[in-house]
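Report on the structure given below.
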Amino acid sequence: MAIGADGVKVLMVNEEIAFPQYIYHYLKTLQLPDVGYSRHFKFLKDKRIPIPNNLEDQKRIASLLTKAESLIQQREESIA
């Protein structure tokens, strides 16, 4: 990973508490304001992520969302 001078943030997930792929899918749902060339982390850091206590539930949710995304992509490719 290489971080440039453009304000990139690397987010770390405590894997004892949260499944990284679950967090990834949640972050994809967030709608942050479009403020042009500005730092969006200030908006992200105020968000609270609902995390199920059970890691297996997080893994199950992430797996379902990954499969759904794959099906959507396949459908879009077949339409194109």
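The values are calculated or read from the model by the stated rules, or taken from the named source; none is laboratory data. Nothing here was measured: the structure is a model prediction, and the numbers come from that model. Neighbour counts run over all protein chains shown; Cβ positions are idealised from the backbone, glycine included. With ligands, DNA and RNA removed, areas are computed over all heavy atoms of the protein, side chains included. Shrake-Rupley method; radii C 1.70, N 1.55, O 1.52, S 1.80 Å.
Remarks
- Karplus 3J(HN,Hα) series, Hz, for the stretch 57-63 with 6.51 cos²θ - 1.76 cosθ + 1.60 (x for Gly, Pro): 5, 4, 5, 5, 4, 4, 5
- Those GluC sites (Glu not before Pro) in the stretch 11-80 that DSSP places in a loop and that have at most 10 other beta carbons within 10 Å: 15, 16
- Those chymotrypsin sites (Phe, Trp or Tyr not before Pro) in the stretch 16-67 that DSSP places in a loop and that have at most 16 other beta carbons within 10 Å: 37
- Straight-distance crosslink candidates among aspartates and glutamates, where the alpha carbon sits under 16 Å from residue 59 and sequence neighbours closer than 8 are dropped: 15, 16, 69
- Exposed loop sites here are trypsin sites (Lys or Arg not before Pro) assigned a DSSP state other than H, G, I, E or B and surrounded by at most 13 other beta carbons within 10 Å; excluding them, the longest clear run of the chain is 49-80.
- For the chain, the solvent-accessible area with a 1.4 angstrom probe is 84 square angstrom per residue.
- With every protein chain in place, the chain: carbon and sulfur % of accessible area (1.4 Å): 55 percent
- Helical runs assigned H by DSSP (4 residues or longer) give the chain a calculated mean residue ellipticity at 222 nm of -15500 deg cm²/dmol, each run adding -39500 (n - 2.57) before division by the residue total.
- Dipole magnitude (debye, nearest 20) for the chain, charges at Cβ of Lys, Arg, Asp, Glu: 220 debye
- The modelled label-to-label distance for the pair residue 64/residue 41, using points 7 Å beyond Cα in the direction of Cβ, is 3.3 nm.
- On a per residue basis, the convex hull of the C-alpha atoms belonging to the chain measures out at 146 Å³.
- Across the stretch 17-32, rounded Karplus estimates of 3J(HN,Hα) from the backbone phi angles (6.51 cos²θ - 1.76 cosθ + 1.60, θ = phi - 60°) give 10, 9, 7, x, 5, 5, 4, 3, 5, 5, 4, 5, 7, 5, 10, 8 Hz, Gly and Pro being marked x.
- Structural descriptor for the chain: relative contact order 33 percent, calculated from alpha carbon pairs under 8 angstrom and at least 6 residues apart.
- Greater than 20 Å apart at Cα, pairs in 47/67; 28/67; 9/42: 47/67
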